[in-house]
Amino acid sequence: MNPMNPIRIMTWLAAAHAFAAGLVARPAEIIPVTMQLDWRPNVQFAGLIVALEKGYYRDAGLDVRLRPVDSGMKVVEAVEAGTNWLGCSESGVLLGARARGARIKAVGTMLQGSPFCLMSPKDKGIRKPADLAGRTLGVHPDADLALNVVLASAGVARSSMRTIDVAHSTEPLTSGQVDTLMGYLIDEVVALETAGHAIDVIRGHEHGYVAYSQVYFASERTLAQAPGVVRAFLEASRRGWAEAARDPEAAVQLVLRKHQPDADPEYQRRSLREILVLAQLEGGPGSFGQMSPKTWSRMVKVFNDAKVLPRTVTAEEMVDPRFQPTPTRRP
């Protein structure tokens, strides 16, 4: 049965409203929802995994499937095509896709600050963007926009360095293939430091890269036809993240047991600690999922000013603000 059938959606929404009003135990029909991840399921998605395994999505009337990214998959295109209800990606990736014509909008964010970074062995002496001149940099195509923004903010020409496309692995750096490797504070940095490598890290958010990360997004069609489903998913996901923050070790053990049985537990613990900081960085404790219109305006300006988009994009066309929870006040 087509999950986007309008009659089916209307039936579910009526049941969802009754559930919210306390008239029924839960929505009468369970709606299948695919959440397209942009990486494999690990603690990076701990809140979603907790929500799935503890039945929070079921409580909200959703049968959620967390779909890992496949080799060569284009996450935005998959979501826009309607094969998946929602997806997540870097805000820079979404801005680039929107500028190229993708009919998508951001609806929330897992991380309120980007973990994007550039890593180098300490003996290379690469501690700021200017130090990249004359070096070989390993890049991932899906984070190319982030790199361009950092370089533009620092006034460093990309032509001053050699860039090569590399796989999502630390091997190009540890083998000496590249002097610097782009990566993430919650992933490759943790992996390298856990393995005992001494590295210097250039943090993108400290060098002009104003951006949200793991941004929830949906197609305009989904948002028009089923906003209640999107809202239910986000609320259940916030509940999952709050539980992961309340008991991080239980969340780690759940991820290990269900999705990463061969993973290093200490890596997962350290990564989740970093993730939980970034997840509440802007809004304060408990602000899971929140986005700020002011931050989106700043992000859009940074990208437009850096001239890394094929056309000018506005924050208004990029964001659907209907799904934001009440902001958490800082103590």
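A compact table of results
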{"quantity": "Likely footprinting exposure, SER169, SER91, SER71, fewest C-beta neighbours within 10 Å first", "calculated": "SER71, SER169, SER91"}
{"quantity": "Length released on extending from ARG231 to ASP70, taking residue separation times 0.36 nm less the Cα-Cα span", "calculated": "55.3 nm"}
{"quantity": "FRET efficiency, ALA198 to ARG58 (Cβ-Cβ, R0 41 Å, nearest 0.05)", "calculated": "0.35"}
{"quantity": "Gyration tensor (alpha-carbon) shape descriptor, the range 111-263, a/c threshold 1.5", "calculated": "oblate"}
{"quantity": "Rounded to 5, the percent of DSSP beta bridges in the chain classed as antiparallel", "calculated": "55 percent"}
{"quantity": "Computed [θ] at 222 nm, helices only, for the chain once each DSSP H run of length n ≥ 4 contributes -39500 (n - 2.57)", "calculated": "-11500 deg cm²/dmol"}
{"quantity": "Degrees, to the nearest 10: 6-20 long Cα axis against longest axis of the chain", "calculated": "80 degrees"}
{"quantity": "Whole-Å semi-axes of the ellipsoid equivalent to the range 116-206 (Cα gyration tensor, √5λ, descending)", "calculated": "19, 13, 13"}
{"quantity": "Per-peptide average of other Cβ atoms within 10 Å, ordering 182-189, 137-144 highest first", "calculated": "182-189, 137-144"}
{"quantity": "Chain lengthening between SER175 and ALA263 when straightened (0.36 nm per residue, less Cα-Cα)", "calculated": "29.5 nm"}
{"quantity": "Relative contact order %, the chain, counting alpha carbon pairs below 8 Å whose residues are six or more apart", "calculated": "27 percent"}
{"quantity": "Extension reserve of the ARG298-ARG221 stretch, reckoned as 0.36 nm per residue once the Cα distance is removed", "calculated": "25.0 nm"}
{"quantity": "ARG40-ARG246 FRET efficiency (beta carbon distance; Förster radius 41 Å; 0.05 resolution)", "calculated": "0.95"}
{"quantity": "Cross-link table LYS122/LYS258; LYS54/LYS74; LYS54/LYS128; LYS258/LYS301, entries beyond 32 Å C-alpha to C-alpha", "calculated": "LYS122/LYS258; LYS54/LYS128; LYS258/LYS301"}
{"quantity": "Tilt relative to the chain, helix 265-279 - C-alpha long axis, 0 to 90 degrees, to 10", "calculated": "80 degrees"}
{"quantity": "Rounded to 10°, Cα long-axis angle of helix 144-154 versus longest principal axis of the chain", "calculated": "50 degrees"}
{"quantity": "Rounded, prolate or oblate (a/c below 1.5 giving rounded, otherwise prolate when a/b exceeds b/c) for the range 174-331 by Cα gyration tensor", "calculated": "oblate"}
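Here, each number is a calculation from the coordinates, and none is a lab measurement. All of these numbers come straight from a predicted model, not from anything done at the bench. Ideal geometry is used to build each Cβ from the backbone, glycine not excepted, and the neighbour counts take in all protein chains shown.
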